[in-house]
Amino acid sequence: MTKFEQVVDIISERNPLQQKMVHSSLENLTQDELMEAERSLNFFINELGSSLSEVADAYMWFVEESFREQILFMRSNGTKYLCSSFAETSHYYTDNALMRNYVVSLATSLYLFPQHIGCLRFFKDSIKNIRGGQRQKNNSRYLEIGPGHGHLLVTAMENSDFESYTGVDISMESVEMTRKFVHHCLPERGNCNVINQNFFDFDSNDKYDAIVMGEVLEHVETPEKFLLKISNLASDNAFIYISTAVNAPWIDHIYLFKTVEEVEDMFNRCGLYVKDKYYGVANGADYKKAVKNKLPIVPAYILGKA
Amino acid sequence: MMNRNEIFEKLNEIFRDIFDDESIVVTDTTSALDIEDWDSLMQISIIAAVENAFNFKFDVKKAVLLKNVGEMADIIENEIS
């Protein structure tokens with residue numbers, strides 16, 4: 001039995017509501033994904049000193065907080081998140097203990113939440129199939145906003161060959177974790193730099209051939225400004241991947257997208273258009289049911305510059 | 001005031017309606033493992049329906065930790081007494 005399977009068993013014992021979903025997710029992972037999940041867990045154990053029980057604790061903290069937020073969101077008839085300003089949530093990003101728990105739980109959910117594994121597959125397939133020569137030219141640059149636990153960044157580095165990879169994250173704990181995770185997975189690669197900075201303050205004269213931002217937009221008070229900045233930083237044929245969260249209450253989600261159409265309209269207003277998309281629904285529920293009942297949806301997009 | 005049997009009668013109505021299954025009979029020990037479609041999202045729907053039917057709001061911290069219908073009935077009994 002792998003360590004990841006052991007964590008799944010611990011979660012199942014603790015919460016019957018999770019049991020069916022996590023076992024179903026485990027059964028649906030490919031052998032490669034199971035090895036990635038195991039690598040992730042080995043990183044937590046060897047580099048962060050976590051135990052299997054602590055990883056399960058982090059995951060359970062995430063699902064229980066999420067459940068609590070969903071009850072309160074439901075009581076508001078899906079009209080508001082608990083927080084709506086960055087001033088209310090910014091303290092989370094400097095709370096290193098909380099951030100560590102947060103990123104460990106998110107990294108674990110990456111292989112257990114159907115919507116997260118779906119987005120990861122969509123991202124991996126998309127970045128593998130970049131066409132148009134972005135990868136071949138000299139000085140090709142990849143930029144990721146909010147790498148968090150570093151799993152998308154590592155996936156990108158393993159499946160593309162940009163000359164440089166840059167990550168920008170507002171949380172120092174996330175920066176450290178991403179740096180360590182990249183080193184853990186790809187110790188021979190020296191072309192990755194992770195910076196601790198608010199993306200609003202990120203200043204660059206360079207254009208980027210890939211810009212990636214996984215589930216960050218909902219943490220921002222003015223997501224349009226973020227998207228405009230991304231549009232300005234992207235080269236004309238850049239690979240742009242953005243995912244976000246719709247009707248997904250969480251402790252530091254402040255911008256409520258009520259529909260995927262709202263997200264897509266915002267892209268259009270910011271000089272971006274949708275080339276390809278994937279809608280991941282919480283617990284693997286049916287999309288129509290999710291829309292009708294305001295269940296969390298994670299839409300992921302490959303975008304072009306209009 | 002409702003007794004425990006009456007609470008369970010109402011809970012049966014709620015569960016049958018939410019899961020669209022007239023054969024459901026819940027007991028103290030019924031949990032998510034006994035009803036195929038009962039996951040964390042359905043649990044939110046159950047909580048919303050129970051709050052409406054019994055006219056009270058769950059303490060969210062307790063609602064998160066509910067393990068079976070019996071624990072839910074305990075809370076309802078307390079709240080409406």
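The values are calculated or read from the model by the stated rules, or taken from the named source; none is laboratory data. Just so it is clear, the model here is predicted, and its values are computed rather than measured. Cβ placement follows ideal geometry from the backbone for every residue including glycine, while neighbour counts extend to all protein chains displayed. Accessible surface areas use protein heavy atoms only, side chains included; no ligands, DNA or RNA. Shrake-Rupley method; radii C 1.70, N 1.55, O 1.52, S 1.80 Å.
Residues being open to solvent by less than 50 Å² (accessible area, probe 1.4 Å), of a type in the set (Val, Ile, Thr) and modelled with pLDDT of 95 or more are entirely absent from region A:60-69.
Going by the structure shown, is B:GLU77 open to solvent by 60 Å² or more (accessible area, probe 1.4 Å), assigned to a helix (DSSP H, G or I) and in contact with a helix residue (DSSP H, G or I) (Cβ under 7 Å, 6 or more places away or on another chain)? Criteria met by B:GLU77. For A:GLN19, the criteria (1) within 20 Å of the chain's Cα centre (by Cα); (2) over 22 Å from A:THR155 (Cβ atoms) hold in every case but one, which is (1).
Filtered by the rule that a residue be in a helix (DSSP H, G or I) and at pLDDT 95 or above, region A:252-306 gives A:VAL260, A:GLU261, A:GLU262, A:VAL263, A:GLU264, A:ASP265, A:MET266, A:PHE267, A:ASN268, A:ARG269.
If you go through region B:20-66 one residue at a time, how many are in a helix (DSSP H, G or I) and either more than 8 Å from chain A (Cβ to nearest Cβ) or open to solvent by less than 100 Å² (accessible area, probe 1.4 Å) (or both)? Here the count works out to 19.
Scanning region A:1-22 for residues that are away from every other protein chain (no Cβ under 11 Å) and without any contact (Cβ under 8 Å) to a residue 40 or more places away in the chain yields a total of 5. Within region A:195-209, being more than 16 Å from the chain's Cα centre (by Cα) and outside any loop (DSSP other than H, G, I, E, B) holds for A:ILE195, A:ASN196, A:PHE200, A:ASP201, A:TYR208, A:ASP209. Can you name the residue in region A:273-297 that is among the aliphatic types (A, V, I, L, M) and within 14 Å of chain B (Cβ to nearest Cβ) and, of all such residues, is nearest to A:VAL63 (Cα to Cα)? The extreme case among them is A:ALA282. Residues that are open to solvent by 80 Å² or more (accessible area, probe 1.4 Å) and assigned to a helix (DSSP H, G or I) were ranked within region A:101-134; the one that is modelled with the lowest pLDDT is A:LYS128.
Put simply, of A:ASP252, A:ASP236, A:ASP206, A:ASP265 the only residue that is touching a residue at least 40 places away in the same chain (Cβ under 8 Å) and more than 27 Å from A:GLU173 (Cα to Cα) is A:ASP236. Is it the case that some residue within region A:35-42 is among the basic types (Lys, Arg), open to solvent by 20 Å² or more (accessible area, probe 1.4 Å) and within 14 Å of another protein chain (Cβ to nearest Cβ)? No, there is no match, as no residue in region A:35-42 is among the basic types (Lys, Arg), open to solvent by 20 Å² or more (accessible area, probe 1.4 Å) and within 14 Å of another protein chain (Cβ to nearest Cβ).
Examine region A:10-27 for a residue that is closer than 17 Å to A:LEU106 by Cα, surrounded by 15 or more Cβ atoms within 10 Å (Cβ to Cβ) and hydroxyl-bearing (Ser, Thr, Tyr), and state whether such a residue exists. So far as region A:10-27 goes, yes, one or more of its residues are closer than 17 Å to A:LEU106 by Cα, surrounded by 15 or more Cβ atoms within 10 Å (Cβ to Cβ) and hydroxyl-bearing (Ser, Thr, Tyr). Across region B:2-19, not a single residue is classified as in a loop (DSSP other than H, G, I, E, B), more than 14 Å from every other protein chain (Cβ to nearest Cβ) and at pLDDT 95 or above. Tallying residues that are part of a helix (DSSP H, G or I), of a type outside the set (Val, Ile, Thr) and open to solvent by 50 Å² or more (accessible area, probe 1.4 Å) within region A:90-100 yields 4.
Determine, yes or no, whether A:GLU221 is open to solvent by 50 Å² or more (accessible area, probe 1.4 Å) and in a loop (DSSP other than H, G, I, E, B). So A:GLU221 fits the description; yes.
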